[in-house]
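The block underneath contains the structure these notes are about, expressed in structure tokens.
The values are calculated or read from the model by the stated rules, or taken from the named source; none is laboratory data. The structure displayed is predicted, hence computed values, not measured ones. Note that we place each Cβ from the backbone using ideal geometry, even for glycine, and neighbour counts take in every protein chain shown. When the accessible area is computed, the model is the full protein with side chains, heavy atoms only, and any ligands, DNA or RNA have been set aside. Shrake-Rupley method; radii C 1.70, N 1.55, O 1.52, S 1.80 Å.
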Amino acid sequence: MSRMRIGYGWDSHEFKSGVALKIGGVTLPHDKGLGGHSDGDVLLHAITDALLGAIAAPDIGTLFPPSDAKWKGADSAVFVREAVKRVRAAGYGVVNVDSTLVLAAPKIGPHAKAIREHVAELLGVAADCVGLKAKTPEGMGTDNAAIAHAVVLIERAKS
Ligand SMILES: [Zn+2]
């Protein structure tokens with residue numbers, strides 16, 4: 001097994017009325033939230049898949065099937081914690097994460113620090129080990145969706 005491994009995750013959810021908007025475990029003020037799997041936290045889902053991908057584990061939809069009523073409205077932190085646990089069980093620790101959100105609204109800038117700090121806490125790394133950029137979906141026609149990309153680097157734990 002190599003000393004370092006990389007993982008990549010991607011996710012998207014559709015905006016819908018009547019649900020809270022949660023991104024990176026932080027509730028953001030907005031008139032719509034994200035529907036779909038669990039609490040719809042698109043960023044935490046992408047990060048979960050990046051962590052699982054780094055150790056070639058089954059993906060989030062396989063481990064936590066959206067068809068299972070148990071995950072309806074679930075806090076997505078549960079998925080991240082399980083992925084981190086699996087990374088550690090495989091003998092690795094998280095080095096850093098980088099991520100990009102693609103969404104028309106709301107603006108992420110004012111909340112970026114809170115999101116980065118919350119994600120860092122979930123991963124057990126310093127806040128400066130969590131990158132977060134936000135882009136608007138220019139010309140993509142996806143204004144009613146939020147998309148997240150994430151890459152993670154993991155390193156074999158010293159023994
Ligand atoms: Zn998702």
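Being out of contact with any Asp or Glu (no Cβ under 8 Å at 6 or more places or on another chain) and within 16 Å of the ligand (Cβ to nearest atom) is the filter; apply it to region 9-18 and report the residue that is nearest to residue 57 (Cα to Cα). Walk me through how you get there before you give the answer.
Of all residues in region 9-18, those out of contact with any Asp or Glu (no Cβ under 8 Å at 6 or more places or on another chain) come to 12-16, 18.
If we keep only those that are within 16 Å of the ligand (Cβ to nearest atom) too, we end up with 12-16.
On the way: 12: 20, 13: 23, 14: 26, 15: 29, 16: 31 Å.
My answer is 12.
So for region 121-132 (the condition being closer than 24 Å to residue 29 by Cα, in contact with a strand residue (DSSP E or B) (Cβ under 7 Å, 6 or more places away or on another chain) and not β-branched (Val, Ile, Thr)), does at least one residue qualify? Break it down stepwise before answering.
Within region 121-132, the subset closer than 24 Å to residue 29 by Cα is 121-122, 127, 130-132.
Cutting the leftovers down to in contact with a strand residue (DSSP E or B) (Cβ under 7 Å, 6 or more places away or on another chain) gives us 130-132.
With the extra rule that they be not β-branched (Val, Ile, Thr), the set shrinks to 131-132.
Yes: region 121-132 contains one or more residues that are closer than 24 Å to residue 29 by Cα, in contact with a strand residue (DSSP E or B) (Cβ under 7 Å, 6 or more places away or on another chain) and not β-branched (Val, Ile, Thr).
Determine, yes or no, whether residue 82 is in a helix (DSSP H, G or I), of a type in the set (D, E, K, R) and within 15 Å of the ligand (Cβ to nearest atom). Step through it out loud before you land on a result.
Values: in a helix (DSSP H, G or I): yes; of a type in the set (D, E, K, R): yes; within 15 Å of the ligand (Cβ to nearest atom): yes.
Judged against the criteria, residue 82 is a match.
Counting only residues that are under 11 Å from the mean Cα position of the chain (by Cα) and among the hydrophobic types (A, V, I, L, M, F, W, C), which one in region 73-82 is farthest from residue 58 (Cα to Cα)?
It comes out as 77.
Would you check which residues across region 60-77 are touching a residue at least 24 places away in the same chain (Cβ under 8 Å) and open to solvent by 30 Å² or more (accessible area, probe 1.4 Å) and list them?
61, 66, 71, 72, 73, 75
Please indicate, with yes or no, whether at least one residue in region 89-99 is farther than 30 Å from residue 138 by Cβ, open to solvent by less than 20 Å² (accessible area, probe 1.4 Å), within 16 Å of the ligand (Cβ to nearest atom) and touching a residue at least 24 places away in the same chain (Cβ under 8 Å).
Checked region 89-99: no residue is farther than 30 Å from residue 138 by Cβ, open to solvent by less than 20 Å² (accessible area, probe 1.4 Å), within 16 Å of the ligand (Cβ to nearest atom) and touching a residue at least 24 places away in the same chain (Cβ under 8 Å).
Answer with yes or no whether residue 47 is surrounded by fewer than 18 Cβ atoms within 10 Å (Cβ to Cβ), among the hydrophobic types (A, V, I, L, M, F, W, C) and more than 10 Å from the ligand (Cβ to nearest atom). Spell out the reasoning first.
Values: surrounded by fewer than 18 Cβ atoms within 10 Å (Cβ to Cβ): no; among the hydrophobic types (A, V, I, L, M, F, W, C): yes; more than 10 Å from the ligand (Cβ to nearest atom): yes.
The answer is no for residue 47.
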